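Structure, as structure tokens:
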């Protein structure tokens, strides 16, 4: 398996605040990697650094063999990294289909061709029937789904999902989990996902990275992470620890 | 135009509308009414130019007189000082306008926030101060264009009818371009930038490049409108060209008609410009204030009741009938 994304000693300071400190890990092609950590651990900041929405203070990021540090977000998108936003950003006053279409235009300037690809994606993501609605009129679950479809429209190699399942009810969440699996299996897209709900991240990911106060405190297969003392102390809490131990 | 049938299907009234516009001078004997129509077309085209950068791409300009004036003054100066044809002047005006747009855009579009609207407002005032105090530009009196033989080569006519057709062709070109833009990748990118710049960027849209492109297209059409205006009134004076009033009317016709809507500028111009022109002619000097009061009132009403402009109102009514608000189309 080849390495798709390499985070190499990345640090990010906001003035005196140390948001990320010397974080390094790798994501292999075809994997689903979970990124977890308590609130304020630096997960979204790391996403912003990978997608170049903010500049790293030190360290480097590589996509395959190419260094991506210091590029602009649109260049990153063209290189094959797509991201979703934690607070969804549907394109207002545009239809669901047109939202996806804008992303699809990255590979072609032919609008008809982009529309066909966008239509296929809407069907793939279960929004086919709502394709002509205004994006801002969707329910929150559908908006989260649209956020993923927009990102998929640019045909990425790597998809960064930022809490795309937060705020969903259990049945919606189950659908979302199946959808993420489908993206990974059928579209062969590598996924790095931030998620708060342990019951989702543990079975879904092959590999978990844990951040706490901007520092990587653990990394490994989910079963190992769930039993890691440091992680339990920092993040999972005694209750989950007990639950894992008893199961 | 292989897209023509689709266009006619989408806008079934369009051929009839074109025919009426084409034959209008035959039925309108009153030269003043024809003058009003010419101004309606001029402001529809100038408004559409504003619509491209501010309505579609969402970068609000309150200084579009900069580009309009660049066109009007460049061609007039070249004609007076060097005796160059206004057609050459038009091209020169477009080039000057592009340079101004590139200068303003390359500074403001690198920044986030409201720099662009402030810059356009301030630069327009600076240009007004420079032009109105400098004899080279005719200072406060302005420039009188020499009366030439009536011909297309001189871009000067002694009757209003050729001006009308000239303006009709220009306006049709501007609307044709905007229609094409709206359905192309550029149009989608412009609307995405307006809707959410971060989301657009994450989808691979180069914000700087596309904002600058929108501004340059807008500046080009504004400059041509300026040259045509100068050749029509044969007088360019700073207080009627580099004035906030001029920039505001470009914006107001679009706000009234519908921001980011293809037909918005035409609808807005067809309502606002006759009010202004007739108020001026009926009430002589005092008319100036009245038209501004009516403008103000209309804009307040639009802002309160129909922020999408009159085209938005039309769209909504059509869809209430179909009792399916969810399927409201995004484009007219």
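The values are calculated or read from the model by the stated rules, or taken from the named source; none is laboratory data. For clarity, every value in this text was computed on a predicted model and none was experimentally measured. With ideal geometry, Cβ positions are generated from the backbone for all residues, glycine too; neighbour counts draw on all protein chains shown.
Just to be sure, is residue A:30 free of Cβ contacts under 8 Å to residues at least 12 places away in the same chain and farther than 21 Å from residue B:199 by Cβ?
It is false that residue A:30 is free of Cβ contacts under 8 Å to residues at least 12 places away in the same chain and farther than 21 Å from residue B:199 by Cβ.
Tell me, which helices (runs of 4 or more DSSP H) lie completely within the range B:117-216 with 1 or more residues that are more than 13 Å from chain A (Cβ to nearest Cβ) and within 30 Å of residue B:23 (Cα to Cα)?
Here the list reads B:160-183.
Looking for something under 18 Å from the mean Cα position of the chain (by Cα), within 8 Å of another protein chain (Cβ to nearest Cβ) and crowded, with 18+ Cβ neighbours inside 10 Å - is there at least one such residue anywhere in the range A:104-126?
No, the conditions are met nowhere in the range A:104-126.
Within the range B:287-332, restricting attention to residues that are assigned to a helix (DSSP H, G or I) and at pLDDT below 55, which residue is farthest from residue A:130 (Cα to Cα)?
B:321
Against the definition (crowded, with 22+ Cβ neighbours inside 10 Å and in a helix (DSSP H, G or I)), how does residue B:265 come out, yes or no?
yes
Consider residue A:94 against the criteria (1) at the interface with chain B (Cβ under 9 Å from one of its Cβ atoms); (2) out of contact with any helix residue (DSSP H, G or I) (no Cβ under 7 Å at 6 or more places or on another chain): it satisfies all of them except one. Which criterion is unmet?
(2)
Given (1) farther than 23 Å from residue A:175 by Cα; (2) at pLDDT 95 or above, identify the lone condition not met by residue A:97.
Against the list (1) farther than 23 Å from residue A:175 by Cα; (2) at pLDDT 95 or above, residue A:97 comes up short only on (1).
Spot the failing condition for residue B:280; the list is (1) surrounded by fewer than 24 Cβ atoms within 10 Å (Cβ to Cβ); (2) in contact (Cβ under 8 Å) with a residue 12 or more places away in the chain, and only one is missed.
(2)
How many residues are within 8 Å of chain B (Cβ to nearest Cβ), buried (at least 20 other Cβ atoms within 10 Å of the Cβ) and without any contact (Cβ under 8 Å) to a residue 60 or more places away in the chain when one looks only at the range A:65-89?
The qualifying residues number 3.
Of all residues being buried (at least 19 other Cβ atoms within 10 Å of the Cβ) and not in a helix (DSSP H, G or I) in the range A:134-148, which is nearest to the other protein chains (Cβ to nearest Cβ)? Just the residue, please.
Only one residue tops the list, namely A:134.
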